[in-house]
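The values are calculated or read from the model by the stated rules, or taken from the named source; none is laboratory data. Note that the structure is predicted; figures quoted are calculated from it, not measured. Positions of Cβ are backbone-derived with ideal geometry, glycine not excepted, and every protein chain shown enters the neighbour counts. Keep in mind that these areas ignore ligands, DNA and RNA; they rest on the heavy atoms of the full protein, side chains included. Shrake-Rupley method; radii C 1.70, N 1.55, O 1.52, S 1.80 Å.
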Amino acid sequence: IPPDAPGAAGLPSLLAEWRETGLVASTYLLDNSEKGTLVFSAVAVLEFPDDTAVERWQQVGAPKLGAGLVVTRADMLAHGETTPRDSAKATFMVALYEVKVSSERYQEYVQGYLIPEMEGWRAQHTITNYSLFAAKDRATAPWHALLVEEFPNSRTYEQREEVMSAVRKQLTATDPKWKIFSDTKKDYRTERSISRSVWEVLPAPELSDL
């Protein structure tokens, strides 16, 4: 959702309706809390079980979207989560990247570099959830890759640099493949933005048959 998108106000109700009716498998909405440097005002993630469900949403749901919202069809390349967790009390970080290599090479980078690091953070209880999405069509997408990290609270978010340093030090010492990716990661992607975000609780759906 770009800043000042005129159709943004109606999105939370739509997401709640789609979740309730099963049009999407799951969905969540993150509001950008860094108002001074907005690349986006919010990010909504809609997950589907298969391509058929995506096509049905594009026919039935997408036409209801308000003006100015940008839809990017993407694959989930990496995911890890810890349960139980309370996302409503969590602090999120959303990172946007430009990918500089082929999809196949980027997936190798994700497997060899990003997942080991994210799992190291999760083992330290610094994050409870992470997902990396890659745009199917980079030419038309506002981002090539999008990483969402969920921190249990603001305190763990503020400690992320310390934990990141410790995890990277350990991986450097124990995983030669990870070290190679670490030394060459700028060849694979360029970081466009990192934004602190918060979970928006969706309203109860307004359905006529309830």
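Return the total of residues in the range 11-37 being open to solvent by 20 Å² or more (accessible area, probe 1.4 Å) and farther than 22 Å from K89 by Cα.
8
For the range 137-159, how many residues are more than 26 Å from A74 (Cα to Cα) and not in a loop (DSSP other than H, G, I, E, B)?
5
Do we find that R56 is touching a residue at least 12 places away in the same chain (Cβ under 8 Å), among the charged types (D, E, K, R), in a helix (DSSP H, G or I) and on the phi < 0 side of the Ramachandran plot in this structure?
Numbers: touching a residue at least 12 places away in the same chain (Cβ under 8 Å): yes; among the charged types (D, E, K, R): yes; in a helix (DSSP H, G or I): yes; on the phi < 0 side of the Ramachandran plot: yes.
So R56 fits the description; yes.
Scan (1) open to solvent by less than 50 Å² (accessible area, probe 1.4 Å); (2) within 26 Å of S33 (Cα to Cα); (3) touching a residue at least 60 places away in the same chain (Cβ under 8 Å); (4) touching a helix residue (DSSP H, G or I) at 6+ places or on another chain (Cβ under 7 Å) for the single condition L146 breaks and write down its number.
Failing condition for L146: (4).
Which count do you get for residues in the range 74-114 that are in a strand (DSSP E or B), open to solvent by less than 10 Å² (accessible area, probe 1.4 Å) and of a type in the set (G, A, S)?
Looking only at that region, the number is 3.
Quick check, is F48 among the aromatic types (F, W, Y), open to solvent by 40 Å² or more (accessible area, probe 1.4 Å) and in contact (Cβ under 8 Å) with a residue 24 or more places away in the chain?
Working: among the aromatic types (F, W, Y): yes; open to solvent by 40 Å² or more (accessible area, probe 1.4 Å): yes; in contact (Cβ under 8 Å) with a residue 24 or more places away in the chain: yes.
When the stated conditions are applied, F48 passes them.
Mind checking which pairs have a first residue in the range 101-118 that is of a type in the set (D, E, K, R) and a second that is open to solvent by less than 30 Å² (accessible area, probe 1.4 Å) and modelled with pLDDT of 95 or more, Cβ under 8 Å, 6 or more apart or different chains?
R105/Y188; E117/V167; E117/L171; E117/W178
Among (1) more than 30 Å from D187 (Cβ to Cβ); (2) out of contact with any helix residue (DSSP H, G or I) (no Cβ under 8 Å at 6 or more places or on another chain), there is one condition L14 misses while meeting the rest; what is its number?
Of everything listed in (1) more than 30 Å from D187 (Cβ to Cβ); (2) out of contact with any helix residue (DSSP H, G or I) (no Cβ under 8 Å at 6 or more places or on another chain), L14 misses just condition (2).
Surrounded by 14 or more Cβ atoms within 10 Å (Cβ to Cβ), farther than 21 Å from L15 by Cα and modelled with pLDDT of 95 or more: which single residue out of T128, T190 fits that description? Break it down stepwise before answering.
Values: T190 fails: surrounded by 14 or more Cβ atoms within 10 Å (Cβ to Cβ).
After ruling out the rest, the residue left standing is T128.
Out of V39, V24, I need the residue that is touching a residue at least 12 places away in the same chain (Cβ under 8 Å), within 28 Å of E108 (Cβ to Cβ), within 18 Å of the chain's Cα centre (by Cα) and not in a helix (DSSP H, G or I). Which one? Let's see the steps before the verdict.
Details: V24 fails: within 28 Å of E108 (Cβ to Cβ).
That would be V39, the only listed residue that is touching a residue at least 12 places away in the same chain (Cβ under 8 Å), within 28 Å of E108 (Cβ to Cβ), within 18 Å of the chain's Cα centre (by Cα) and not in a helix (DSSP H, G or I).
Pull up the range 158-174, narrow it to residues that are of a type in the set (A, V, I, L, M, F, W, C) and exposed (fewer than 15 other Cβ atoms within 10 Å of the Cβ), then point me to the one that is farthest from W121 (Cα to Cα). Reasoning before the result, please.
Taking the range 158-174 and keeping what is of a type in the set (A, V, I, L, M, F, W, C), we get 163-164, 166-167, 171, 173.
Right, trim to exposed (fewer than 15 other Cβ atoms within 10 Å of the Cβ) and you get 166, 173.
Working: A166: 9, A173: 16 Å.
This residue is A173.
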